[in-house]
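Asker: Pasting a structure here, questions to come.
The values are calculated or read from the model by the stated rules, or taken from the named source; none is laboratory data. Computed from a prediction, not measured in an experiment: that's the story for all the values here. Virtual Cβ from ideal backbone geometry, glycine too; neighbours counted across all protein chains shown. For accessibility, only protein heavy atoms count, side chains too; no ligands or nucleic acids. Shrake-Rupley method; radii C 1.70, N 1.55, O 1.52, S 1.80 Å.
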Amino acid sequence: TSNRVSEIEWVDDSLETQVYRQIKSAILHKEIKPGSRISYAEWAERLKISRTPVRDALRRLEYEGLVVRASERVWYVYTLTLAEIEEIFDGRETVDSGVAYYAAKNITAAEIAEMDQIMAEMEGSLRHNDYEEFHRINDRFHDLMNRASRNAYLSRYSTNLNERLSRVYPKGINIEGRLAKGVAENRRIAAAIKARDPEAAQQ
């Protein structure tokens, strides 16, 4: 794993939450590959903390479906099946359309200005043909929609599905035409939200 997980960054969170975020980040950024073994004893030694917060963090990740327990002491990063990936795409389509619907109903003027700025940066990623930059900006676009929806449950489901999808989505590969298509799709969503047209945003 990366050196950036070699020690705890002390913030105003519980120790368990800090460990949870570090391991989760390593999984989502593929620093720990699908199918890789995770030992809470090894992580405790690496982070120079007791084993209890590491074990509790892994239990949270198990609940989220990111790791699977082989024994009380050993977990593995869960490997998604093709059928599960298809289900995630189906779930994302349903949830994100709901997020867009409520964002169009509840977005504020300040959030519209923020969305305009995000879209301007996204257009820049298209001009630069920078697929990784597009994905970073696209994540911000979806985060904004989640906030604007004012629906905590849909936002939570959307975030969870997108995190799961990020484990398999080829962000570094610019499939021909995909960048332009992605920007065009977001243009239409942004226009519908700015027009405060929930049905069009949902579609």
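Asker: Explain nothing, just compute: Karplus ³J(HN,Hα) = 6.51 cos²θ - 1.76 cosθ + 1.60, θ = phi - 60°, for every residue of region 49-60 in order, whole Hz, x for Gly and Pro.
Answerer: Residue by residue, region 49-60 yields 9, 6, 6, 4, x, 5, 4, 5, 5, 5, 5, 5 Hz.
Asker: Roughly how many Å² is the accessible area per residue of the chain, as a whole number, for a 1.4 Å probe?
Answerer: Numbers: 11340 Å² over 203 residues.
Computed with neighbouring chains in place, this is 56 Å² per residue.
Asker: Return the single residue from E45, E121, E111 with maximal mean-square fluctuation; model: Gaussian network over the chain, springs between Cα atoms under 10 Å.
Answerer: Top of the fluctuation ranking is E45.
Asker: When the accessible area of region 47-203 is split by element with a 1.4 Å probe, what percent falls to carbon and sulfur? List each step's numbers first, then the result.
Answerer: On the way: 4480 of 8650 Å².
Exposed carbon and sulfur together represent 52 percent of the surface.
Asker: Modelled label-to-label distance, Y153 and E45, 7 Å Cα→beta-carbon offset: nm?
Answerer: Rounded to a tenth, the inter-label distance reads 4.6 nm.
Asker: What is the chain's relative contact order, in percent, from Cα pairs under 8 angstrom and six or more apart in sequence? Show your work: numbers first, answer last.
Answerer: Values: 229 pairs, mean separation 46.1, N = 203.
Dividing the mean separation by the residue count of the chain yields 23 percent.
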